[in-house]
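Asker: For reference, the structure I am asking about is given below.
Just so it is clear, none of the values below were taken in a lab; they were calculated from the coordinates. What you are looking at is a predicted structure, and each value in this text was computed from that prediction instead of being measured. Cβ placement follows ideal geometry from the backbone for every residue including glycine, while neighbour counts extend to all protein chains displayed.
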There are 2 protein chains.
Amino acid sequence: MPSQVKSPASEKPSAAESNGRPPLRIALFGFGTVGSSVARILLESNSEGLEITHVYNRKVARKKADWVPSSVVWSEDWEEVVASDVDVIVELVGGLDPAGTWVRRAIEAGKSVVTANKKLIAYHGVELERLAAQRGGHLKYGAAVAGGIPVIPGLEQGLAGDHIRRMEGILNGTCNFILSKMEAGAEYAVVLAEAQAKGYAEADPTEDVGGFDARSKLAILMRLAMRVVVDPDEIVPQPITSLSAVDFSYARDLNCTIRQVSRAEEVGGEVAATVGPMLVDRNSPMAWSRGTENMVILNGRYGGDVVFSGHGAGGHPTAVAVVSDLLALAHGSRRVPIPSVPAKIGAEFEVPHYIRFLVTDRPGIVAEITAALAREQINIRAIVQKAGYPAESLPFVVTVEPCKSSALQRALAEIGKMNCLLQPPLDLQILE
Amino acid sequence: MPSQVKSPASEKPSAAESNGRPPLRIALFGFGTVGSSVARILLESNSEGLEITHVYNRKVARKKADWVPSSVVWSEDWEEVVASDVDVIVELVGGLDPAGTWVRRAIEAGKSVVTANKKLIAYHGVELERLAAQRGGHLKYGAAVAGGIPVIPGLEQGLAGDHIRRMEGILNGTCNFILSKMEAGAEYAVVLAEAQAKGYAEADPTEDVGGFDARSKLAILMRLAMRVVVDPDEIVPQPITSLSAVDFSYARDLNCTIRQVSRAEEVGGEVAATVGPMLVDRNSPMAWSRGTENMVILNGRYGGDVVFSGHGAGGHPTAVAVVSDLLALAHGSRRVPIPSVPAKIGAEFEVPHYIRFLVTDRPGIVAEITAALAREQINIRAIVQKAGYPAESLPFVVTVEPCKSSALQRALAEIGKMNCLLQPPLDLQILE
């Protein structure tokens, strides 16, 4: 606070004063990195109108922290906490189960819920919102996508008047950390180990590197931005594990780098959506995103492109989103309901592609590949073959002009029969 | 809308249904670029719950549009419209007067107000919000800063839980258009004429190029982000008119470009704030912002940097913010009140500077300048003098390490006495 304060008392209504209600009684479900950050921020910023009354955690004794007010009830009995006089459950454990049960039971009991659980919201958000509306509580999940970046509040409160037709995002900080390190020359296995050591990646990294985490977040954003409810399982993710150093080297020659991108688009009245590693221009916003940063680009019919970026994960940034949701609840700020309709992922992207082959060299390979592409009416943009690789394990790249994914898949299925291939061709979208 | 719609009717509650109220009756004050965009979006998106009932404009007959429903009352009597049964006045005329009178009278009559008027909100926002709270209406101004980019909703709804200590923004699209064109080689007067022809700049461009528009927006963001109420007049803007092509050339040699930047910071418990042309790294987000784009970077104690960018002005983007505010009002979504305290701009930035001299060359100039800087304990970072300029009108540049503005001003006052100077030295902050 600046020192030239004139009349702080008269200018700073407490939440309790401003809405005439007693403080919001809060139960934290989960007291790990994010849960303890939420508690820290609430205590340090002295947020009037918000009071932590309960902490639920398995083996709660080992979680007890001496900086938390002694009035807080520490419990390992979730039913007891849900049955108590708390107003809001803050669910920070994640996953469909048992977190889904806690959230459902809390909402059924008329409580409000603030959650960072992208999986639960992606798969059951519509149903849980409907339930909350019936029982008089509120469900808020600003922390579920892009952590500390206010994409969800921005969509609900600032872009509800637009019609978002296309979106692209870097929604998984773990993949972005790995890929931006690989861009700088490191090998996948080495960076993954570093990410695990730093706590950015789980012991089993499949949820992140396989694209499953990102597709949950994409499904949530598609509902709020494009207003379509999709089954996340219909979004087929491409893992980043198939990339190797040679792809970053070829990408650089094409003035690109590689990021895990989640994208969705209205195409001829249908929706297309995918998650996977893609080539992005080195001078585009996507390429600026380094380390665990996230980024979301929304293209609106009226407002054009809007870009959000920042720290998408981590205890403090995620906790900022949770605390902001709690403040909004305490002040009676309701969410702006965004109408949505169920939709199938029925459309295809029509974009340029990067295809990297690994072959044992022999005459005629390029002729056969280009002939297979030509049969599907796919135009070649460039053929790049760098010097310095051995003929018995030779990587080279073909980039193609925008084409339907299905046509390219047919061509690659033909090409896949060639006995010179040491592995299936790697096919990446190019983001333009 | 995608074609695979399963049950649109059951999924799409109208605003009127969802809050049990009749549609919000809206009066548009001003039917220029933004006003007609608001009407277009409301009609095209068939926003249930929102109904334009009145349009107020001077000489309204020439504004009447055949695509607007015939039920709309066109009026040039503002008091009649305020006295009618409208629920919300949308004020899009701008300026302190008479717009301030209309807004005040509407709020006094218990109406809500949605406005894009940055000047009114910067100078009278606190008072008008208090009045609205007393009279039961709401005041929303998401369009007042950065047009179609949801910075204000993001701050109120998604970052209220953080403590923003520093912010930088490109808040004036006209200046950004001019400077990004000058970066590409054009001269100021030529680009200004182009901006005027395209409708980006007024016949009298002082409000934009002088930094007055940006400082109003900075004052609004300081209140919502840093929670300090400052008198915008205390923010001394530096005009972009003192720049010339040689500055862009020198900036390029320093791996920078020049943007009009609005910045504010907490320094030792006080606030510093300024608006003016600054050197920004060519690889930083600020440099990516081209044309009429805006950008805001907020640095939070807990969440770190959050970046917003997009189209900050223009009819459609601004209208998106207005329509989003109207939807929030229609759905009873209250603003999250951000407590704030009055503050003086009492602190100084301690940042590196770029100082460009224009001299008639003679021996000893650099020695005198560097001696004057040394007397104020200011360390020189670099001295750059490009070849190819005539000795009788020689531009050269000195960059200095972070120093207090007051110390640099004292040194420049001394240096300003040198008779070799053809004009006062140009002093720009370097953003790092």
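Asker: Compute the acute angle (0 to 90°) between the alpha-carbon long axis of helix B:315-330 and the principal axis of greatest extent of the alpha-carbon atoms of chain B; round to the nearest 10°.
Answerer: The angle comes out near 50 degrees.
Asker: Taking amide H positions as placed 1.01 Å from N in the peptide plane, with prolines and chain starts having none, which residues 5 or more places from A:His163, or on another chain, fall under 5 Å of its amide H?
Answerer: Under 5 Å from the amide H of A:His163 lie the amide H atoms of A:Arg301, A:Tyr302, A:Gly303, each far enough along the sequence or on another chain.
Asker: Could you work out the pair-distance distribution P(r) of the protein assembly as shown from its alpha-carbon pairs, with 10 angstrom bin width and percents rounded to whole numbers?
Answerer: Result returned by the calculation: 2, 12, 20, 23, 20, 14, 7, 2, 0.
Asker: A follow-up question, please. Given an 8 Å cut-off on Cα distances and at least 6 residues of separation, report the relative contact order of chain B as a percent.
Answerer: 16
Asker: Which order do A:Arg252, A:Arg62 fall in if you start with the one that has the fewest other Cβ atoms within 10 Å? If you can, show how the numbers build up before the last one.
Answerer: On the way: A:Arg252 13, A:Arg62 8.
So the residues, fewest neighbours to most, are A:Arg62, A:Arg252.
Asker: With a 10 Å cut-off between alpha carbons and a GNM built on chain B, which of B:Ala264, B:Ala367, B:Ala343 moves the most?
Answerer: Largest GNM mean-square fluctuation: B:Ala367.
Asker: Right, another one. May I ask you to list the lysines whose Cα is less than 19 Å away from that of B:Lys118, ignoring any residue fewer than eight positions away on the same chain?
Answerer: In chain and number order, the partners are B:Lys140, B:Lys217.
Asker: Moving on. Between rounded, prolate and oblate, where does chain B land on the alpha carbon gyration tensor, with a ≥ b ≥ c its root eigenvalues, rounded for a/c under 1.5, else prolate if a/b exceeds b/c?
Answerer: prolate
Asker: What is the calculated FRET efficiency for B:Glu48 to A:Asn379, with r their C-beta to C-beta distance and R₀ = 56 Å, to the nearest 0.05?
Answerer: 0.75
Asker: How would A:Val267, A:Val275, A:Val359 line up from fewest to most surrounding beta-carbon atoms within 10 angstrom?
Answerer: A:Val267, A:Val359, A:Val275
Asker: Which ³J(HN,Hα) values in Hz, rounded to whole numbers, follow from the phi angles of the range B:374-391 under the Karplus curve 6.51 cos²θ - 1.76 cosθ + 1.60, where θ = phi - 60° and Gly and Pro get x?
Answerer: Karplus-based 3J(HN,Hα) across the range B:374-391 equals 5, 4, 9, 6, 9, 8, 7, 8, 7, 10, 10, 9, 7, 6, x, 9, x, 5 Hz.
Asker: In terms of modelled amide H atoms, which long-range or inter-chain residues lie less than 5 Å from the amide H of B:Ala116?
Answerer: It is B:Glu91, by chain and number.
Asker: Taking the dipole about the Cα centre of the protein assembly as shown, with the C-beta of Lys and Arg at +1 and of Asp and Glu at -1, give me whichever of B:Thr370, A:Ser405, A:Val296 is farthest to the positive side.
Answerer: Farthest towards the positive end: A:Val296.
Asker: Just to be sure I understand: with springs between alpha-carbon atoms less than 10 Å apart, which residue in B:Ile149, B:Ile89, B:Ile415 has the highest mean-square fluctuation in the Gaussian network model of chain B?
Answerer: B:Ile415
Asker: Using Cα springs under 10 Å in a Gaussian network model of chain A, which residue among A:Gly94, A:Gly312, A:Gly185 shows the largest mean-square fluctuation?
Answerer: Taking springs between Cα atoms under 10 Å, the residue moving most is A:Gly185.
Asker: For B:Ala186 paired with A:Ala109, estimate the spin-label separation in nm (one decimal), with each label point 7 Å from Cα along the Cα-to-Cβ line.
Answerer: 6.3
Asker: Provide the FRET efficiency to the nearest 0.05 for the A:Asn255-B:Asn255 pair, computing r from the beta carbons and using R0 = 22 Å.
Answerer: Working from the Cβ atoms, E equals 0.70.
Asker: Could you give the size of the charge dipole of the protein assembly as shown about its Cα centre, using +1 on the Cβ of each K and R and -1 on the Cβ of each D and E, expressed in debye and rounded to the nearest 20?
Answerer: Values: 86 positive and 100 negative charges, 93 e Å.
In total the dipole reaches around 440 debye.
Asker: Can you sort B:Ile380, A:Ile383 by how many other beta carbons sit within 10 Å, fewest first?
Answerer: A:Ile383, B:Ile380
Asker: How large is ³J(HN,Hα) for each residue in the range A:282-289, as worked out from phi by the Karplus curve 6.51 cos²θ - 1.76 cosθ + 1.60 (θ = phi - 60°), to whole Hz, x for Gly and Pro?
Answerer: Running phi through 6.51 cos²θ - 1.76 cosθ + 1.60 with θ = phi - 60° gives 5, 9, 9, x, 4, 6, 6, 6 Hz.
Asker: Starting from the Cα-Cα distance between A:Ala245 and A:Glu414, subtract it from 0.36 nm times their residue separation and give me the gain in nm to one decimal.
Answerer: 58.2 nm
Asker: Just grab the label-to-label distance for A:Val60 and A:Ile338, each label 7 Å out from Cα along the Cβ direction, in nm (one decimal).
Answerer: Label at A:Val60, label at A:Ile338, 3.5 nm between them.
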